[in-house]
Structures are given as structure tokens and as C-alpha cells.
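Inspection log for the structure reproduced underneath, given as C-alpha cells.
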Amino acid sequence: MTFKKKVIVALDSNNFKQTESLIEKIKEYIFGVKIGYEFFFNFGLDGYKKIQNKKINIFLDLKLHDIPNTIKHGIVAIADLNPYFTTVHISGGDEMLKMAFLNKKKTKILGVTALTSLNNYQVNKYYLRKNVEKLVNDYVIYALENKLDGIVCSPHEIKKVKKLSGNNLLIVTPGIRPSSYKKTDDQKRIMSPAEAISYGADYLVIGRPITMSLDPIKEIININSEIEKN
Ligand code: C5P
């Protein structure tokens, strides 16, 4: 059976061998892998290139947030690495977002709204917005104004983002928890894979439910078939 490949697996790991063997097992079932801080600061560019050699799409999730000039040069360097996606924090402001957009090549720039680990209290405290919904609402407008390719948001905001952006922003969402995953962790605003896709997510970022699974192939096949039923 062929599946729509919607899953991006977050490689949050400090064990290179384990990560490589996981990729070999699951790569035919997924859209790509996400390299974030943990992987990147442990294995650096060398590790990044070894993963890229496996001919798999890479989401280089370094969540850039700095002054426009620094972002400009950072994005130029990232674009040379040719990841499929990379991320900037929308809270970096218009000039910063424009610099990111103007200096990318093929790489798609995703804007991070609010981390899916933040609840309303934290959003109010740090972003001075009444709630997550209000913040995401404003940030989607800023992402559109500054021509980002897509947005990273929690699955609970997908409907709203879709309504505001139509098909003008790709929606990539972490905070995905399949029903088989029984643990509770730092993710607060979560949803099942099938529901997130039915609301309009383009790609799902899933880490621990796959990377910590005793049978990651079975896990990803289950997720893919759940999505397919939509
Ligand atoms: O293990 P888990 O499925 O929670 O992994 C989610 C991944 O998505 C992590 O790598 C995390 O850094 C990332 N992420 C997130 N919330 C955001 C943006 C990225 O959880 N808003």
C-alpha cells in the first residue's frame, strides 16, 4: 500500500548510531526528518551531512531569532546546506522575517508561532497576549505579510490558521500524540495524527512516540494508515 507521506520524525537524540539505524528502518514511510538543537549540537554539520546523504528531506529546526543582519547571513549559510525546511521565530519582527525570506534559496522558511509546550499563562506572561489563540492569530497575519512559506503551530490552531491563510501557508505541526502513546510529557496542546490532518495540517512533526517506540516501524505504519482513513 502506498501512503501519503506526511510525517516528519524529530531526531531529538544524542546517539548517532541509534538515530542512523532508526532512519534506515523508517525512511520509506516518512516525508523526512527534523534535526533540532539536540542532534545539531551533538553531531554538528558532519552529522547533518551524513543524514542528508541518506537522501531524505531534512527539516533543519534551529528556530532562528536575532537581528536582521545576523539572520540574513545565517539563512544564507543554511540555504547552502539545502534543507527542505528551516525555522525562524515570528516574534523576531518584520525586518528579521523579510531577511529570512529574501535570502533563502529552495529551502522553505517556516515561522514558529508559540511553542506547543506553552500554555495560556506562559503566553500571557512572555508574549503579552491574552491567550495562545490571539497570539497565533496575529502571528499568522505577520507570516503572510512577510511572505513566509509556512507556519509551525499546535494542532489546535490548524483550523484557525487555515481560515486566515487559505492555501498560502504550509501548516507544520508538532504536539502530535497517537492514541498508542500513553505517556504524558512537556507537550501541552496535543492531538492525534488523523485529527490534525483532517483539520488541514500539511505535515506532522512526531518525535518521542516514534523514536522511543519499541517498534518504530509498526508505529509509523499505524500512523500512516490512520491518516489515510481521512
Ligand atoms: O517528541 P515530540 O513529538 O514532542 O517532538 C516534537 C518536536 O517538535 C521537538 O523536536 C520540538 O523541538 C519541536 N517543536 C515543538 N513545538 C514547536 C516547534 C517545534 O514541539 N512549536
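Within segment 115-162, can you find the residues that are free of Cβ contacts under 8 Å to residues at least 12 places away in the same chain and either in contact with a Pro (Cβ under 6 Å, 6 or more places away or on another chain) or at positive phi (or both)? 128 - this is the single residue of segment 115-162 that is free of Cβ contacts under 8 Å to residues at least 12 places away in the same chain and either in contact with a Pro (Cβ under 6 Å, 6 or more places away or on another chain) or at positive phi (or both). Considering segment 1-13, and only residues there that are farther than 15 Å from residue 227 by Cβ and modelled with pLDDT of 95 or more, the residue that is surrounded by the most Cβ atoms within 10 Å (Cβ to Cβ) turns out to be 11.
Take the conditions (1) surrounded by fewer than 16 Cβ atoms within 10 Å (Cβ to Cβ); (2) under 13 Å from residue 171 (Cα atoms); residue 148 misses just one of them, which is (1). Restricting attention to segment 200-213, the residues that are outside any strand (DSSP E or B), within 16 Å of the ligand (Cβ to nearest atom) and not acidic (Asp, Glu) add up to 8. So for segment 155-176 (the condition being within 12 Å of the ligand (Cβ to nearest atom), touching a Gly at 6+ places or on another chain (Cβ under 9 Å) and under 16 Å from residue 65 (Cβ atoms)), does at least one residue qualify? Checked segment 155-176: no residue is within 12 Å of the ligand (Cβ to nearest atom), touching a Gly at 6+ places or on another chain (Cβ under 9 Å) and under 16 Å from residue 65 (Cβ atoms).
The residue of segment 1-49 that is nearest to residue 197 (Cα to Cα), among those that are of a type in the set (A, V, I, L, M) and assigned to a loop (DSSP other than H, G, I, E, B), is 30. What do you reckon, is residue 57 at pLDDT below 95 and buried (at least 16 other Cβ atoms within 10 Å of the Cβ)? Criteria not met by residue 57. Would you mind stating whether residue 186 is away from the ligand (no atom under 14 Å from the Cβ), among the acidic types (Asp, Glu) and out of contact with any strand residue (DSSP E or B) (no Cβ under 9 Å at 6 or more places or on another chain)? Considered against the rule, which asks whether it is away from the ligand (no atom under 14 Å from the Cβ), among the acidic types (Asp, Glu) and out of contact with any strand residue (DSSP E or B) (no Cβ under 9 Å at 6 or more places or on another chain), residue 186 comes out as no. Of everything in segment 50-74, what is in a loop (DSSP other than H, G, I, E, B) and over 18 Å from residue 9 (Cα atoms)? Give them in sequence order. Correct list: 65, 66, 67. So, residue 66, is that one touching a Gly at 6+ places or on another chain (Cβ under 8 Å) and under 26 Å from residue 94 (Cβ atoms) or not? Yes, satisfied. Keeping to segment 163-193, report how many residues are free of Cβ contacts under 8 Å to residues at least 24 places away in the same chain and not β-branched (Val, Ile, Thr). Of the residues in segment 163-193, 6 are free of Cβ contacts under 8 Å to residues at least 24 places away in the same chain and not β-branched (Val, Ile, Thr). Kindly evaluate residue 141 against the criterion of being part of a helix (DSSP H, G or I), more than 14 Å from the ligand (Cβ to nearest atom) and surrounded by 19 or more Cβ atoms within 10 Å (Cβ to Cβ). Against the criterion (part of a helix (DSSP H, G or I), more than 14 Å from the ligand (Cβ to nearest atom) and surrounded by 19 or more Cβ atoms within 10 Å (Cβ to Cβ)), residue 141 does not qualify.
Given the criterion surrounded by 15 or more Cβ atoms within 10 Å (Cβ to Cβ), of a type outside the set (Lys, Arg) and away from the ligand (no atom under 12 Å from the Cβ), identify the matching residue among 87, 107, 113. Matching residue, one of 87, 107, 113: 107. The conditions of being within 16 Å of the ligand (Cβ to nearest atom), within 15 Å of the chain's Cα centre (by Cα) and touching a residue at least 60 places away in the same chain (Cβ under 8 Å) are not met by residue 39.
Here residue 161 clears all of (1) buried (at least 20 other Cβ atoms within 10 Å of the Cβ); (2) of a type in the set (A, V, I, L, M, F, W, C); (3) under 20 Å from residue 58 (Cβ atoms) except the condition numbered (3).
The values are calculated or read from the model by the stated rules, or taken from the named source; none is laboratory data. The model shown is predicted, which means the values in this text are computed figures rather than measured ones. Positions of Cβ are generated from backbone atoms using ideal geometry, with glycine treated the same way; all protein chains shown enter the neighbour counts.
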